[in-house]
1. Applying the selection to region 53-68, what residues are of a type in the set (Val, Ile, Thr) and within 20 Å of the chain's Cα centre (by Cα)?
2. Quick one: in region 139-159, which of the residues that are buried (at least 16 other Cβ atoms within 10 Å of the Cβ) and touching a Gly at 6+ places or on another chain (Cβ under 8 Å) is nearest to Asn2 (Cα to Cα)?
3. Testing Tyr171 on (1) within 28 Å of Tyr93 (Cα to Cα); (2) aromatic (Phe, Trp, Tyr); (3) in a loop (DSSP other than H, G, I, E, B), one condition comes back false. Which one is that?
4. Which of the residues spanning region 29-48 are assigned to a loop (DSSP other than H, G, I, E, B) and either at pLDDT below 85 or more than 20 Å from the chain's Cα centre (by Cα) (or both)?
5. Using beta carbons and a limit of 7 Å, which pairs, at least six apart or on different chains, have the first residue in region 164-193 and within 25 Å of Asn114 (Cβ to Cβ) and the second one among the charged types (D, E, K, R) and surrounded by 10 or more Cβ atoms within 10 Å (Cβ to Cβ)?
6. Return the residues of region 165-190 that are under 17 Å from Lys71 (Cβ atoms) and either surrounded by fewer than 10 Cβ atoms within 10 Å (Cβ to Cβ) or among the aliphatic types (A, V, I, L, M) (or both); say none if nothing qualifies.
7. If I go through region 172-208 residue by residue, how many of them are modelled with pLDDT under 90, farther than 30 Å from Leu129 by Cβ and hydroxyl-bearing (Ser, Thr, Tyr)?
Amino acid sequence: MNYAKLAFSDAIRSLQEKYGSRRNYERVERFSSYSGLTENEARFVNERDSFYAASIGENGFPYIQHRGGPKGFLKVLDDRTLGFLDFSGNRQYISLGNLHHSNKVALFLMDYPNRARLKVYAKAEVVELGERPELESSLLTDGYKAKPERIILYHIEAFDWNCPQHITPRYTEEQIQEVLQNQTDYIESLEEELRDLRNKIGANEGNG
C-alpha cells in the first residue's frame, strides 16, 4: 500500500534526482505505508458525486473517464475495496473494453471547494448483474432512476493525497444554494422586522 514505491519507476526516480526532489521523495518511499483506507478516506469517498478513472487500451493509450452519480454512489465496501453500480451511459464501452485488456486503473477523487484530491491505484473487477445479489443490493442508491448495467469493483493497491496547489475551488449548485439560503433567511428576517417597525409607526401615528 506504499503509493510512492508503486508510482516511482527508475525513470521517475532519475528525473527526481535530476530536478532536485529525490531526497524528499526517497524518505516518502521509505516511511510511507498504509494498511488500508482510514475513516478519513472513507468519509471523503462517501461525500463524492463524481470521480475520474484512467485505464489503458490495447492501442497503448490511456483513457480517462468521468463517472458521476448521486453523492455516495461510489461506496467503500471495506478498507481495500471500492464499488459502484455502472449505470448506462453513451454505450461506447471504452473503459469497459480497456479492462478486458488490463484491469489496472488510476482514480482521481476531487473535492474542489476544499482543494483536496485523493489518488488511487487499483485493480478493477467487473461483476455482472445477478451474480452477487447481496453486493448489488448494497450498492443501490435510493431514488436514482438510472439503469445499472453491471458492478465495478476497485481493489485498492495504493492511495495518496495530493497537494492542493493549482486546484481552483469550484462549487456545485447545491453548495451555492446552501450559502445563498443563509443570506435569503437573513434578508427575510430583516424584511419582517421592517414590516413590524412600520406597523408600530403606523399605529403610533394613528393614536396621535
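The values are calculated or read from the model by the stated rules, or taken from the named source; none is laboratory data. Because the structure is predicted, anything quoted here is derived from the model rather than measured. So basically every Cβ, Gly included, is an ideal-geometry build from the backbone, and we count neighbours across all protein chains shown. To get the accessible areas, we keep the full protein, side chains included, count just its heavy atoms, and leave off ligands, DNA and RNA. Shrake-Rupley method; radii C 1.70, N 1.55, O 1.52, S 1.80 Å.
1. Ile64
2. Selected residue: Ile156.
3. (1)
4. Result: Ser32, Ser33, Tyr34, Ser35.
5. Listed pairs, sorted by first residue: Pro164/Arg115; Ile167/Arg115; Ile167/Arg117; Pro169/Arg115.
6. Those that are under 17 Å from Lys71 (Cβ atoms) and either surrounded by fewer than 10 Cβ atoms within 10 Å (Cβ to Cβ) or among the aliphatic types (A, V, I, L, M) (or both): Glu173, Glu174, Ile176.
7. 2
For (1) of a type in the set (Val, Ile, Thr); (2) open to solvent by 70 Å² or more (accessible area, probe 1.4 Å), each residue gets a yes or a no:
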position	(1), (2)
Asn2	no, no
Ser9	no, no
Ile12	yes, no
Lys18	no, yes
Arg22	no, no
Arg30	no, yes
Val45	yes, no
Ser50	no, no
